[in-house]
1. State the label only: which of (1) 5, 23, 28, 21, 15, 7, 1, 0; (2) 5, 23, 32, 25, 12, 3, 0; (3) 6, 27, 35, 23, 9, 1, 0 corresponds to P(r) over Cα pairs in 10 Å bins from 0, in percent computed from the shown model?
2. Roughly speaking, to the nearest percent, how much of the chain's 1.4 Å accessible area is carbon and sulfur?
3. Relative to 2.2 N^0.38 Å, what does the C-alpha radius of gyration of the range 116-182 come to as a ratio? Two decimals please.
4. Over all directions, the average projected area of the alpha-carbon convex hull for the range 137-223 comes to how many nm²?
5. Where only protein heavy atoms count, and the probe is 1.4 Å, what is the accessible area per residue for the chain in Å²?
6. Do the sum for the chain: with -39,500 (n - 2.57) for every DSSP H run of n ≥ 4, divided by all residues, what is the mean residue ellipticity at 222 nm, to the nearest 500 deg cm²/dmol?
7. Determine the percent antiparallel among the DSSP beta bridges restricted to the chain, to the nearest 5.
8. If you wrap a convex hull around the Cα atoms of the range 237-322, how much volume per residue is inside, in Å³?
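The values are calculated or read from the model by the stated rules, or taken from the named source; none is laboratory data. Quick caveat: nothing in here was measured; it's all calculated off a predicted structure. Here the Cβ positions follow ideal geometry from the backbone for every residue, glycine too, while neighbour counts run over all protein chains shown. SASA here: full protein model, heavy atoms, side chains in, ligands and nucleic acids out. Shrake-Rupley method; radii C 1.70, N 1.55, O 1.52, S 1.80 Å.
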Amino acid sequence: MSDTTSPSSADTINVAAVVIRNAADEVLCVRKHSSPRFQLPGGKPEPGESMAVTAIRETQEEVGVVLQRDSLGFLGRFSAEASNEPGHTVTSAVFTAPALAPGAGGQAGPGGQVPAPAAEIAEIAWIDPTNPGDFELAPLLATRIFPALAPRQLGAVTVFAGARESTDPATGRLAFRLGQALARDGITLVYGGSKLGVMGQVAHGASTRGGAVIGVLTTHLANYELKYEALTQLEVVGTMAERKAHMSQLCDAFIALPGGVGTLDELFDEWTNQQLGLHSKPIGLLGRDFWAPLVAMVDHMVAHGFVRATDRAHLVVADDPDELLTRLREWVPPVPRWI
């Protein structure tokens, strides 16, 4: 989601900024006394200050809203011509904050805070990123950041699921509904290729709606004739490690349905890769009751300092396939450890 432009460091102004939305998905923008153009709250780091800390400090100074680091997401780094310094490029580390809720006197932030212009800010405005209207925007905001706020495209989703039937019939129905939802939205299902258990149900749901279904099997498993016969495409690899890697390469997001040890292995592998910054794809758990003990264990690890609260917060949990897909499209990665 981030811009890959790498301008000369001598002409680059490095800043941090925050995207704050309201309930209408409008973005809080600020205009300085010295400029006719609106931009995000933010500014330059002080010596020794991380970009996340800069974004939090500048937001409080400019609009009076206090943000917590663990609540932030990371949209990416973006570069464009500087708005007020000719001949320079501005590169911004852009974070996202939880949406502000309607409150007395305006859009209320954490603790009922209402954004208001302060310090060098002349005015604030809530701007629709898809239709800014007559607002004059800084180039970075108009050409890089606002376009990056569009929901992510899910061309293919990798689903991890058990190869056994659940003792709860509702699990099979949930898997079938997920497959149908993927097909309805034109999303290719990538999964382990088996006809058995919960895996088979999600594939059946997708194929009955005419959806594309890619199965990835190892040579060993394919020899047992376990593959789902209605696959659109079968990929055969040598090892389980190659299977996981290939399923990861083919998708834009991951969903874990109820399953056993294999499902946990696949889920934890991709969640670890996400935390290490090896990919920036969303991960969702479908079936809140089934996953509740795992989520409770993760919360326990957060409390003991082994998992960051932000990594827990960015793990999406839902009961309904449509809700889950919507939240995966809107997902923004957690703030990397090194920012």
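1. Label of the calculated value: (1).
2. Ligands and nucleic acids excluded, carbon and sulfur give 53 percent.
3. Cα Rg divided by the expected 2.2 N^0.38 Å: 2.06.
4. That works out to 7.9 nm².
5. 46
6. That calculation yields -9000 deg cm²/dmol at 222 nm.
7. About 45 percent, rounded to the nearest 5.
8. So the per-residue Cα hull volume is 106 Å³.
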